[in-house]
Structure formats: C-alpha cells, structure tokens
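Undergrad: The following block contains the structure, expressed as structure tokens.
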Amino acid sequence: MVATEARAQKVPKPDFKQYKRIHQKALDLIRTGQAETAVKFLAVVEEKLPSDAETQYMLAVAQCTLGQADAAEASAAKALNLGLPVGRVIGGSHNGLDAIRERPLLRRLLRQHGKTPVHGPMLGNLSGTRATVWLRTADAAVVQVEASTVPPAPGGTVSAVVQTQREHDFVAKAVLKNLTPQTKYTYTVTIDGQKNQAPNQQFTTFSKSGQPGKFRLAFGGGAGFVPQHEYVWTSIAATRPDALFQLGDNAYIDNTNVMDMHHYCYYRRQSRPEYRSLVAGLGVFSIWDDHDFGTNDCSGGPAIESPSWKRPVYEIFRDNWANPGYGGGDKQPGIWWDTTINDVHFICIDGRYYRTDPKKTKGELSMLGPAQKRWLLATLKKSRGMFKVLVSPVPWVFKAKGDSKDTWNGFKKERNEIFKFLTENKIKGVVLMSADRHRSDLWKIERPGDYALYEFNSSRLTNQHVHKTMPEAIFSYNAKQSFGTVDFDTTAADPTATYRIHTIDGEQVFKHTVKRSELN
C-alpha cells in the first residue's frame, strides 16, 4: 500500500549542527504520513553531505514507504557502498525495509550474513557466576551461546540455547549459569548451526558475590549519535574496564509518538563497530534518562499506563539491554534494579517513569514514585556492600544545574528523606554516581552530623553540546568529550574507590581516591 501525504508541508531545514537529529527528523516525517516531504528533505541533506551513508539508508526507508521498491533497493545499495553496516539493512524488525526484503539485494545479503549477529553480541549482567549474552539475529533463529574456560578445563564449558522471535525484535538473551568466579572465558555464538566467534568475545567473571576483589568500571551518559565521536568506545576499551555503566541519554531519541524512532536510534548505535567491539567483552549495565525515555526534562507521572507511550518505551528498552532487572516487572514497569559486583553493591534508580511534574503537581513531588521509593529504602537497609553505590540518571547535588528543577534540586524533600534514612539507619560506605550534565564532575555533599557523600558525575561521552563547568564542584571538566572510570579495591585494609576522568582522546585529567574510612 502506497502511503500518501497527510497534508502538504513546507520542507524543514536540516540542523547540520546536530547530526544525530537530521535523520531522526526524516524518520519522523516518514512515520507521520509525510514520506514525500522526507524525500525532499533528504535531497537537501544529500547536497550538503553527498557521501553520507545514513542519508541513503533513510532515503531507502522513505522510498519503501512510498512503494518505490526499485529506488529503495538502489538507495540501500548506495548506503552499503558508502560504509553502512550490513546489519542496518538486514537487521531489526523495525528497520523500515521490509518492502525490499524479498528482492535480490537483501536476499543475497541474508544468504551471506543471515546467520551472523546483526547487532551485538553484548555481555550483560556479569557477576561471579552468571553472564547474559545479548544479540539480535536477522530472522527468527535458534541461538546457542557456549562459553569455555581459558585454558580449557574439564567441566569448564557452559552453554545456553534460546529462540529469537519477531515479537521481541529477534533479540536473544542467553543466560550462562554456573560460571566459575574469577575465571577467564571465551564464548562462541551459533545461529541456526553456523558458529561465530570474534577475538573480543571473552570475559572474566568477578569474585563470588559478597567477596572482596578489585575491578574497574567505566561510566557515563550523554551519548548522542555523532559519528566523529564514536571512537570514544575505543578510548574506553583502552582503559581495560571490567564493566560499563551507561547512565541515561544513551541514545538521543526524544520522541513519544513514533515508536520506530526508539528502534532506529538503538540500531544505529548497536551497529557501530567501535561499540560492538567494546560491549562484547565486559559487563554492560544501563538505566535511562529523559532523552531515551521521553523528551527533554520530561516527567512520566504517577500512573503506570498513562501517558500511553510509557509502556511501549519500557518494552523497547527492555529488549535492547540485558539488565539484572526491570523495576517491579511488567506489573510495575520501570528501569530500577540492583546488583553486586564482588562486595560492591550498586543500587540504580529510574528517575523518569513515575516522576511528578514540578510545574503541574500541587502537593508533594516525587522523582521515584511510592513503589520504587519503598524498594530503594528497603534495599539500602539490607545492603551488606563494602561500598554502596547509589546510581541516579540526574545529579544528586543541588548545584549541578543552577536553579533547574530537573535534577534532584527539584525534589529536595525526597532526596533529603533518602539521605536522612542513611543516617537514621547507620548506613555506611555510600558513594554516589550520576550523569545528565554534559561534562565530568566530582562533588562533595556535606551532611551535618554524618559523613560527606562523594558524587562521581559524567555525561558527555559523544555529545557535541556542552554544559558550563561548575566552580562549586571539587573538579569540573568540559573541554572535550569525556568519561569516568572507578577502580574499586576492597581487598585493601582500608578499601578504596578511585575516580578518574578521561578525555575522548584517552588523556587522564583528574584522579581522586575515596577511602572507606571516610564513609563511616
């Protein structure tokens, strides 16, 4: 069926200062009945960026929508010749190219690449005894993941088999159980009988949960799709982290009407070779913030099913990550969870799904909602972590964003209630992590009558847009894209958490060590 213009519309001007937005604008036009306008819009883009593969791909999507199969196939071929990864064309049930899937180009690509992962593999939810291998197949397929110790040992092989299905966008989450703590593994992925293995498909398990150990995590947010900055993932890999925490704005989607926009933004990142190389070999953990949940500075509100776009967005996020958990499950959806790496307890919150709007709400405000708050306080109270890391998508400190109500500054009473709970229940060893601000900071939050809380904040992994540095912070950096690493050593007599700030080019610009004895 050929789509027609819903209404005549002036061709919008592309925002060449924000590359990540250009093709999102085109897809929004296509999915709102304005595919012909999208073609004209993309012609303007092509004139400015004649060798841009993404433009040709989106042109193919528009042409498929208009029933122009010959032109769409030619545009897809041109995109591939310009360097578009094959997985972008054959992968994902929402890639917009179904109209040419039975034509010669895609049939040939499916024969050649249809039994290899189109996105991933990505290692998720790594612990001392378990790991989840996430990947996407081109079509419904049987996927087997097999992990073996290095060097090989009797009984050292663990495997899992899953079936990918269209309803979950052909995603496999193969859970490897009964792994041996502090052990190196390599793994293979077999799709419908064809074995796949790359050099980076290896990982090392952590200590048994609750046991001391050493590990490094990398973290950050603010990862809009900027091709010239995608090498940040290679720079992160060079620091040899054991885990990656992506703390929101992991992809700038900013659309609550067109669900295909969410799929598109995930596919775009998941196809990048730099990102794929990184996430295949370390534990990946994630939460979301406004730009990958809804729109800028948005508040989801207290209702589970209202606005109606909240549950679909949650389901798409859940399919695209392999977290330890997802809120209270489908009956109480959300992106909050906790996990223990060695004896460090990470407690990660959802700051958007149930957030009340400070501009519209009369009465008490909440970032968390009652169900998540109960979970958070109960989880804190029973925690036995040497360090307890409270992870938020937005800064805990009130001064991080001026007078804005978008951070915890807009929810002072609730944040102070959490901090008071720490004091009343004598909860020691807490440090804070966060993202959102397009820079990297270290903050120290003084608490009268109790120990100060250090906050590690970083959220300019790839973004072009930058936020000003804050003189109130211990350190604040925005000169280049950046990321943070934290080295935890709980084997020391006085355990330590060492925060470093690194630039996209691999320069270390700051280091600070917090000793466990400071948090008593």
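Read-outs throughout are calculated quantities, based only on the coordinates presented, and are distinct from any laboratory measurement. Fair warning: this is a prediction, and the values are worked out from it, not measured in the lab. Ideal geometry is used to build each Cβ from the backbone, glycine not excepted, and the neighbour counts take in all protein chains shown.
Undergrad: So what is the diffusion coefficient of the range 314-420 in µm² per second by Stokes-Einstein at 10 °C and 1.306 mPa s, using a Kirkwood Rh over Cα pairs? All intermediate terms of the calculation are to be shown ahead of the outcome.
TA: Values: Rh = 14.8 Å.
Translational D for this selection: 108 µm²/s.
Undergrad: Taking just the alpha carbons, could you work out the radius of gyration and Dmax for the range 48-121, both in angstroms?
TA: 11.6, 37
Undergrad: Can you compute the modelled spin-label distance between residue 239 and residue 505, with each label point 7 Å from Cα toward Cβ, in nm?
TA: Inter-label distance under the simple model: 1.7 nm.
Undergrad: For 335, 90, 347, what's the fewest-to-most ordering of other Cβ within 10 Å of each Cβ?
TA: Least crowded to most crowded, the residues run 347, 90, 335.
Undergrad: With a ≥ b ≥ c the root eigenvalues of the C-alpha gyration tensor of the range 131-194, is it rounded (a/c under 1.5), prolate (a/b larger than b/c) or oblate?
TA: Working: a/c = 3.10, a/b = 2.23, b/c = 1.39.
Verdict is prolate for the range 131-194.
Undergrad: Still on this structure, please answer the following. As I understand it, the value is the acute angle between the Cα axis of helix 260-270 and the longest principal axis of the Cα atoms of the chain; what does it come to in degrees, rounded to 10?
TA: The angle comes out near 70 degrees.
Undergrad: While we're looking at this one, here's another question. How tilted is helix 19-31 with respect to the longest principal axis of the chain? Cα atoms for both, answer in degrees (0 to 90, nearest 10).
TA: Once rounded, one gets 60 degrees.
Undergrad: Cα axis of helix 370-382 to longest principal axis of the chain: angle in degrees, 0 to 90, nearest 10?
TA: The angle comes out at about 50 degrees.
Undergrad: Also, I was wondering about something else. Which percent, to the nearest 5, of DSSP beta bridges fully inside the chain are antiparallel?
TA: Numbers: 67 of 89 bridges.
So the antiparallel bridges amount to about 75 percent of the total.
Undergrad: May I pose another question? Taking only the alpha-carbon positions of the range 211-519 and ignoring solvent, what does the Debye formula give for the base-10 log of I(q)/I(0) at q = 0.07, 0.10, 0.14 Å⁻¹?
TA: -0.24, -0.50, -1.05
Undergrad: Also, I was wondering about something else. Going by average Cβ density within 10 Å per residue, which order do the peptides 367-375, 215-223 take, highest to lowest? Write out the running numbers ahead of the final one.
TA: Working: 367-375: 19.3, 215-223: 25.3.
The packing order, highest mean first, is 215-223, 367-375.
Undergrad: Give me the Å³ per residue figure for the convex hull around the C-alpha atoms of the chain.
TA: 150 Å³
Undergrad: Right, another one. Can you tell me which of 401-409, 25-33 comes out highest on packing, and rank the rest after it, using the mean Cβ neighbours within 10 Å?
TA: Numbers: 401-409: 17.4, 25-33: 21.1.
Result, highest mean first: 25-33, 401-409.
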